[in-house]
Amino acid sequence: MQMQLLQDRIRKDGQIKEGNILKVDSFLNHQIDVSLLQEIGKELKRQFEGKEITKILTIEASGIAIACIAAQYFGCPVIFAKKTKTLNIAGEVYTAKVESFTHQTTNDIIVSKSFLHAEDKVLIIDDFLANGKAIFGLSELVRQAGAELVGAGVVIEKGFQEGGKRLREMGIDLHSLAIVESMDPATGSITFRKED
Ligand code: 5GP
């Protein structure tokens, strides 16, 4: 189920940039509208209602605020995967490689083995879904820990890119609160997919 309040805000304040990038710096990625994040957190909780979740896993930096506010409704801790270019603590961490959509670089992402365990039931949360690399990398950390991946919650999915299709085909229970179907930098017009 998509969120009307969020779609309206994206239409009003989202800026379409070159390279299929949607900027939402005025409410999600730089300045943060905390009351909107509360509604996002509640909606994510509704979407995964009845599911047992022991950890929320996200990736720095933009996912952290969203995950923390959502975690208040799930009543569980948040782990954020750290991005690093020098992997010198191998052995004590789970690690995966993630190509950055916005920066065109590859980072190793790491989570300490102290915080993710085989008995954990994990919900992945992130701000955007484009080609799916970030969520796939996070799911790889869950796999390495032997934990259960309950699903993934995304604030904005760009439905015209491949990630959503790939992750759903992998069997991940993916819920996106707004799925952008098209965005036109020339006119500024944004359309959303009708249903999740
Ligand atoms: P993916 O790994 O799915 O290709 O890309 C998702 C990651 O790239 C997200 O963590 C997000 O930070 C960043 N990203 C991808 N597309 C956009 C976009 O259109 N706008 C912004 N602000 N970030 C994006």
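Any read-out appearing in this document is the output of simple, stated calculations on the displayed coordinates, not a laboratory observation. None of the values given here were measured: they were computed from a predicted structure. Neighbour counts run over all protein chains shown; Cβ positions are idealised from the backbone, glycine included.
Here are the numbers for the structure shown:
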quantity	calculated
Given (1) without any contact (Cβ under 8 Å) to a residue 60 or more places away in the chain; (2) closer than 21 Å to Gln4 by Cα; (3) outside any helix (DSSP H, G or I), number of the condition Ile16 does not satisfy	(1)
Test: residue in the range 47-55 that is out of contact with any Asp or Glu (no Cβ under 7 Å at 6 or more places or on another chain) and part of a helix (DSSP H, G or I)	yes
Selection from the range 97-133 of residues that are farther than 18 Å from Ala178 by Cβ and among the small types (Gly, Ala, Ser)	Ser100, Ser112, Ser114, Ala118
Condition broken by Ser139, with the remaining ones in (1) without any contact (Cβ under 8 Å) to a residue 60 or more places away in the chain; (2) over 19 Å from Ala71 (Cβ atoms); (3) assigned to a helix (DSSP H, G or I) satisfied	(2)
Total residues in the range 114-141, condition away from the ligand (no atom under 16 Å from the Cβ) and among the hydrophobic types (A, V, I, L, M, F, W, C)	4
Selection count, the range 58-72, where residues are more than 12 Å from the ligand (Cβ to nearest atom) and not aliphatic (A, V, I, L, M)	2
Breaking point among (1) β-branched (Val, Ile, Thr); (2) in a helix (DSSP H, G or I); (3) surrounded by fewer than 20 Cβ atoms within 10 Å (Cβ to Cβ), for Thr86	(2)
Residue that is buried (at least 22 other Cβ atoms within 10 Å of the Cβ), farther than 18 Å from Val24 by Cα and more than 15 Å from the ligand (Cβ to nearest atom), where the choices are Val111, Val150	Val111
Only one of Lys12, Lys23, Lys55 that is more than 13 Å from the ligand (Cβ to nearest atom), closer than 22 Å to Val98 by Cα and not aliphatic (A, V, I, L, M)	Lys55
Odd one out for His103, checked against (1) over 12 Å from the mean Cα position of the chain (by Cα); (2) within 10 Å of the ligand (Cβ to nearest atom); (3) part of a strand (DSSP E or B)	(3)
Which listed residue, of Gln7, Gln31, is in contact with a strand residue (DSSP E or B) (Cβ under 7 Å, 6 or more places away or on another chain) and either part of a loop (DSSP other than H, G, I, E, B) or buried (at least 18 other Cβ atoms within 10 Å of the Cβ) (or both)	Gln7
